[in-house]
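Below: the structure, in structure tokens.
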Amino acid sequence: MGSYFHKARFAIVFLLIFLVGRLAMGIMNVPYESGTRIFTLVTFSVFASILYGGFSRKLWGFRLLQGMLMGTTIGLSAQIIIFLATVISYLVGAETYFNNPIALNTAAAVALGQAVVIRAGGLVVNVILNSIAALIGWSLGGLIPGKS
């Protein structure tokens, strides 16, 4: 799995940039509804999984399962970042985009324990979605032109 994280470094750096962007938006008191459209880790990770799935087929000769593992790696990276940012937000008592009730799909603020359960569910679901996104990308990877 380490080689997948090595290959996904580019996407992981962008996930970290998005983390900083989300934190900055919260610090600047940009409303969640406005700011989350700009820096969304989940959407970025899905698009990155599609692209990595397609290019891994063409550039690295990955088979289907390997392409899907690239998506899994990117999705897992995003979810670990989201999970840690959520826990740290609670522990330091900061209101961020990561513990915002909208981000946790709740009507009101929730305790850390409930937030962890919600994020654990998101970890499972989103990693699967990233894997499927990479499958789609891998399937379309044959359309990427080779060297002329």
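List, please: which pairs have Cβ atoms under 6 Å, are six or more places apart or on different chains, and start with a residue in the range 59-72 that is in contact (Cβ under 8 Å) with a residue 24 or more places away in the chain and end with one that is β-branched (V, I, T) and assigned to a helix (DSSP H, G or I)? Cβ pairs passing all conditions: T72/V127. Checked against the criterion of being without any contact (Cβ under 8 Å) to a residue 40 or more places away in the chain and closer than 26 Å to W138 by Cα, the range 15-35 contains one or more residues that satisfy it.
Mind checking whether some residue in the range 49-62 is touching an Asp or Glu at 6+ places or on another chain (Cβ under 8 Å) and either assigned to a helix (DSSP H, G or I) or more than 20 Å from F18 (Cβ to Cβ) (or both)? Checked the range 49-62: no residue is touching an Asp or Glu at 6+ places or on another chain (Cβ under 8 Å) and either assigned to a helix (DSSP H, G or I) or more than 20 Å from F18 (Cβ to Cβ) (or both). Please indicate, with yes or no, whether at least one residue in the range 121-128 is surrounded by fewer than 16 Cβ atoms within 10 Å (Cβ to Cβ) and assigned to a loop (DSSP other than H, G, I, E, B). There is no residue in the range 121-128 that is surrounded by fewer than 16 Cβ atoms within 10 Å (Cβ to Cβ) and assigned to a loop (DSSP other than H, G, I, E, B).
Among residues of the range 25-55 being at pLDDT 95 or above and among the small types (G, A, S), the one that is surrounded by the fewest Cβ atoms within 10 Å (Cβ to Cβ) is G54.
Would it be correct to say that G113 is in contact with a Phe, Trp or Tyr (Cβ under 9 Å, 6 or more places away or on another chain) and either basic (K, R) or assigned to a helix (DSSP H, G or I) (or both)? Against the criterion (in contact with a Phe, Trp or Tyr (Cβ under 9 Å, 6 or more places away or on another chain) and either basic (K, R) or assigned to a helix (DSSP H, G or I) (or both)), G113 does not qualify. Restricting the first member to the range 118-142 and to residues that are under 11 Å from Y52 (Cα atoms) and without any contact (Cβ under 8 Å) to a residue 40 or more places away in the chain, and the second to residues that are among the aromatic types (F, W, Y) and surrounded by fewer than 22 Cβ atoms within 10 Å (Cβ to Cβ), no beta-carbon pair is closer than 7 Å while six or more apart or on different chains.
For the range 80-101, state whether one or more residues are over 20 Å from the mean Cα position of the chain (by Cα), surrounded by 14 or more Cβ atoms within 10 Å (Cβ to Cβ), outside any loop (DSSP other than H, G, I, E, B) and touching a residue at least 40 places away in the same chain (Cβ under 8 Å). For the range 80-101, residues over 20 Å from the mean Cα position of the chain (by Cα), surrounded by 14 or more Cβ atoms within 10 Å (Cβ to Cβ), outside any loop (DSSP other than H, G, I, E, B) and touching a residue at least 40 places away in the same chain (Cβ under 8 Å): absent.
The values are calculated or read from the model by the stated rules, or taken from the named source; none is laboratory data. Keep in mind it's a predicted model, so treat the numbers as computed, not measured. For neighbour counting, all protein chains shown are included, and Cβ atoms are generated from backbone atoms with ideal geometry for every residue, glycine included.
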